[in-house]
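Novice: Next up is a structure, given as structure tokens.
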Amino acid sequence: MNVVVCVKQIPDPADPGQMDPETRTLKRDVKLILDESDSYGVEMGLQLVDAAGEGEVVLVSMVPNNEVSGLRTALAMGAGSAVLVSDEALAGSDALSTAKVLAAAIRRCEADLIITATESSDGYTGTVPVQIAELLDLPSATFAKSIEIDGDVAKVQRQTEDGYDEIECSLPCVVSVTAGVVEPRYPSFKGIMAAKNKPVDELDLAALGIDPATVGWAGARQEIVDIAEAPAGEAGEIIHDEGDAHERILAFLDDLKIL
Amino acid sequence: MEFAPTDEQEMVVDTVRAFVERELVPYEDEVERLGDVSRELVEQIRERSLAAGIYAANMPADLGGGGLDNVTMAMVDRAFGWTQYALHYIVARPSNILRACTGDQVDEYLLPTIRGERVDCLAMSEPGAGSDVRGMTCRATRDGDDYVINGTKHFISHADLADYTILFVATGEEQTSRGPKKLITSLLVDHDTPGLEVVPGYNCVSNRGYHNMILNFDDCRVPASKVLGEEHRGFEVANEWLGATRLQVAAICLGRADRAFRVALEWAADREQFGQKIGRFQGVSFKLADMQTKLVEAELMTYRAAWLMDEGRMTDGDAAMAKISSTEMLQFVADEAIQVLGGMGLMDELPLERIWRDARVDRIWDGTSEIQRHIVSRQLLRPLGS
């Protein structure tokens, strides 16, 4: 079973750097790391391949430069190889452009299953997974909290606000997974040492037959018109218990319509 | 000269940091409070570190270990040094000396220890033989195909968790120009061997949750096949494989000091007195500068020694200088960090008082600072005939 996992390399959230005032996007001229939200998909893919007893996890990613440090982390976890679309023209790609490029790269892999995160930790559009599915003309399932492969079918538990839906998709399909799907493994020392020798197939847009004018800043159909600082959280209310604290807490929660 | 870590080294350190933060740090308060690490927690940490592939990182990859070189191991130990000894010790690095195993010893001791199925400890010190190791009185007498061991070992770290001991005992005496000299042999002794009793040692001010034990041998009989290396050549085995332990202490101290320093730095940047942040007072800011300077000095000394070891050129003096530098730096940084925080530095809500207590043992075990200085000065003077 071959599982493609789409992964994104992002600036370290612990040291996110600065916003570029001209492009109104995050500056990315720092060392990039594997988006933690993708580590769940990598782990899920590894477990499914292990369960199948054959095949491998192939990473698919894109960057404007040839950064691979985030990919190495996923390779160290156990992914077998990676396809990296690297082209300067990719800078500024919006969600649809991203999906087009990733879909073109995925077409080169013989994937039985394509796994993505529900959304990236830096972009947060959450639209790329279903766009990939549409471009590849594949069924998709979103917000998976578990995936089980049964023959040619993926059985997915889809997280909802109230519980979960049980759905089935014929393979191949695209499934986006939540952080609750599995506990990602640590990259082992042996895995880290082995990762540097695993193949990373680096492609530019020409190799994928994509016109640079249709992606990046040139092809973006989305425009970021403004960015603003997130408002600081307001100070909470401290309730001193004078025998009625529980009632006041219940009233507070009731006002918020949480109860 | 290259000072930057490789991508692989950065990833190794990231893995250890993540493991320390998720699997070890959450239990620090419990260990301090109980003065112990529960058996359940020991098993949990061991299982998770095995699953994470970070157990036995010092052992060769072809034997199932992590296969890390000494520089990377020093980085790993620095990252583990962020948390308590009692916790990070469980993510074991089997004693390097086990590499001297031969024949059946490989399957009986070396490989299961790398796999986490067996746990080793090492017994050298005695109540009457500390720095003067050759003064040991614990002895093994040859009796047919066996050795019969009698005597006592103390300060034996983690013998309560181990199921066998790498024991150093006197097995004879030879005459030299400077008088009689004891011959030392290393033996592998299973803890369920009749005649061996493992009992609790002393309460230590440093490293709560870590236990030193006392080993009493009373006509304890082990077969001669348990000799590690060769009979009477225990010191040669120790000298070949145990040099890295001083670097381990030095590297762990770096992590401890880094944590203490960061607490002090954050405090100095946030706390206001007399209308300004206290870090703006020279009395505080110069302390921060001195702490950072000594930390970087010790880091360079430690990584240099580790690099020399990888090159096969590390001398006893190199390891000794790294240990002196790092352990004494930690004592300084821990003390100054507390001074920056004032009274809060001594409260157990913060890790500083613990790091300060724990730092004390590092200037003593694996060779006191005085012994380390003796090693360095001996190396300097011997070529001059002095």
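The values are calculated or read from the model by the stated rules, or taken from the named source; none is laboratory data. The model shown is predicted, which means the values in this text are computed figures rather than measured ones. We place every Cβ from the backbone using ideal geometry, glycine too, and count neighbours over all the protein chains shown.
Novice: Would you point out the residue of the stretch B:38-58, among those that are hydrophobic (A, V, I, L, M, F, W, C) and crowded, with 23+ Cβ neighbours inside 10 Å, that is farthest from the other protein chains (Cβ to nearest Cβ)? Explain how you work it out, then say what you get.
Specialist: First pass over the stretch B:38-58, keeping only residues hydrophobic (A, V, I, L, M, F, W, C): B:41-42, B:45, B:50-52, B:54, B:56-57.
If we keep only those that are crowded, with 23+ Cβ neighbours inside 10 Å as well, we get B:54, B:56-57.
Values: B:54: 6, B:56: 10, B:57: 6 Å.
The selected residue is B:56.
Novice: Against the definition (at pLDDT below 95, away from every other protein chain (no Cβ under 14 Å) and part of a helix (DSSP H, G or I)), how does residue B:97 come out, yes or no?
Specialist: Values: at pLDDT below 95: yes; away from every other protein chain (no Cβ under 14 Å): yes; part of a helix (DSSP H, G or I): yes.
Yes.
Novice: Shifting gears a bit: Residue B:277: touching a residue at least 60 places away in the same chain (Cβ under 8 Å), in contact with a helix residue (DSSP H, G or I) (Cβ under 9 Å, 6 or more places away or on another chain) and among the charged types (D, E, K, R), yes or no? Don't jump to the end; show me each part of the working.
Specialist: On the way: touching a residue at least 60 places away in the same chain (Cβ under 8 Å): no; in contact with a helix residue (DSSP H, G or I) (Cβ under 9 Å, 6 or more places away or on another chain): yes; among the charged types (D, E, K, R): yes.
Considered against the rule, which asks whether it is touching a residue at least 60 places away in the same chain (Cβ under 8 Å), in contact with a helix residue (DSSP H, G or I) (Cβ under 9 Å, 6 or more places away or on another chain) and among the charged types (D, E, K, R), residue B:277 comes out as no.
Novice: Now a separate question. Restricting attention to the stretch A:226-239, does a residue exist that is out of contact with any Phe, Trp or Tyr (no Cβ under 8 Å at 6 or more places or on another chain) and either touching a residue at least 24 places away in the same chain (Cβ under 8 Å) or buried (at least 16 other Cβ atoms within 10 Å of the Cβ) (or both)?
Specialist: yes
Novice: From (1) within 21 Å of the chain's Cα centre (by Cα); (2) under 30 Å from residue B:66 (Cβ atoms); (3) free of Cβ contacts under 8 Å to residues at least 40 places away in the same chain, pick out the condition that doesn't hold for residue A:187.
Specialist: For residue A:187, the failing item is (3).
Novice: I'd like the full set of residues that are without any contact (Cβ under 8 Å) to a residue 40 or more places away in the chain and away from chain A (no Cβ under 14 Å), limited to the stretch B:4-34.
Specialist: Listed by number, the residues that qualify are B:26, B:29, B:30, B:33.
Novice: Examine the stretch B:107-114 for a residue that is at pLDDT 95 or above and touching a strand residue (DSSP E or B) at 6+ places or on another chain (Cβ under 7 Å), and state whether such a residue exists.
Specialist: Checked against the condition, which is being at pLDDT 95 or above and touching a strand residue (DSSP E or B) at 6+ places or on another chain (Cβ under 7 Å), the stretch B:107-114 yields at least one hit.
Novice: Here is a follow-up. Taking the condition over 30 Å from residue B:224 (Cα atoms) and either in contact with a Leu (Cβ under 8 Å, 6 or more places away or on another chain) or of a type outside the set (Phe, Trp, Tyr) (or both), does residue B:61 pass? Full working, then the answer.
Specialist: Details: over 30 Å from residue B:224 (Cα atoms): no; either in contact with a Leu (Cβ under 8 Å, 6 or more places away or on another chain) or of a type outside the set (Phe, Trp, Tyr) (or both): yes.
No.
Novice: Which one of the conditions (1) surrounded by 23 or more Cβ atoms within 10 Å (Cβ to Cβ); (2) facing chain A (nearest Cβ under 10 Å); (3) part of a loop (DSSP other than H, G, I, E, B) does residue B:91 fail to meet, given that it meets all the rest?
Specialist: (2)
Novice: When you scan the stretch A:99-128, how many residues do you find that are outside any loop (DSSP other than H, G, I, E, B) and in contact (Cβ under 8 Å) with a residue 60 or more places away in the chain? Let's see the steps before the verdict.
Specialist: Quick first cut of the stretch A:99-128, residues outside any loop (DSSP other than H, G, I, E, B) only: A:99-107, A:113-117, A:128.
If we keep only those that are in contact (Cβ under 8 Å) with a residue 60 or more places away in the chain too, we end up with A:100-102, A:104-106, A:113-117, A:128.
The number of residues fulfilling the criteria is 12.
Novice: So which of B:194, B:180 ends up being over 21 Å from the mean Cα position of the chain (by Cα) and either of a type in the set (S, T, N, Q) or outside any strand (DSSP E or B) (or both)?
Specialist: On the way: B:180 fails: either of a type in the set (S, T, N, Q) or outside any strand (DSSP E or B) (or both).
Checking each option against the conditions leaves just B:194.
Novice: Which condition breaks for residue B:75 when tested against (1) on the phi < 0 side of the Ramachandran plot; (2) of a type in the set (A, V, I, L, M); (3) at pLDDT below 95?
Specialist: (3)
Novice: Another question, then. Name the residue, out of A:207, A:245, that is at pLDDT 90 or above and closer than 30 Å to residue A:83 by Cα.
Specialist: Working: A:245 fails: closer than 30 Å to residue A:83 by Cα.
Checking each option against the conditions leaves just A:207.
Novice: Here's a follow-up. Determine whether residue B:95 is hydroxyl-bearing (Ser, Thr, Tyr), over 21 Å from residue B:46 (Cβ atoms) and touching a residue at least 12 places away in the same chain (Cβ under 8 Å). Spell out the reasoning first.
Specialist: Numbers: hydroxyl-bearing (Ser, Thr, Tyr): yes; over 21 Å from residue B:46 (Cβ atoms): no; touching a residue at least 12 places away in the same chain (Cβ under 8 Å): yes.
When the stated conditions are applied, residue B:95 does not pass them.
Novice: Next question. Under the condition of being facing chain A (nearest Cβ under 10 Å) and in a loop (DSSP other than H, G, I, E, B), which residue from the stretch B:59-80 is farthest from residue B:21 (Cα to Cα)?
Specialist: So the residue we want is B:64.
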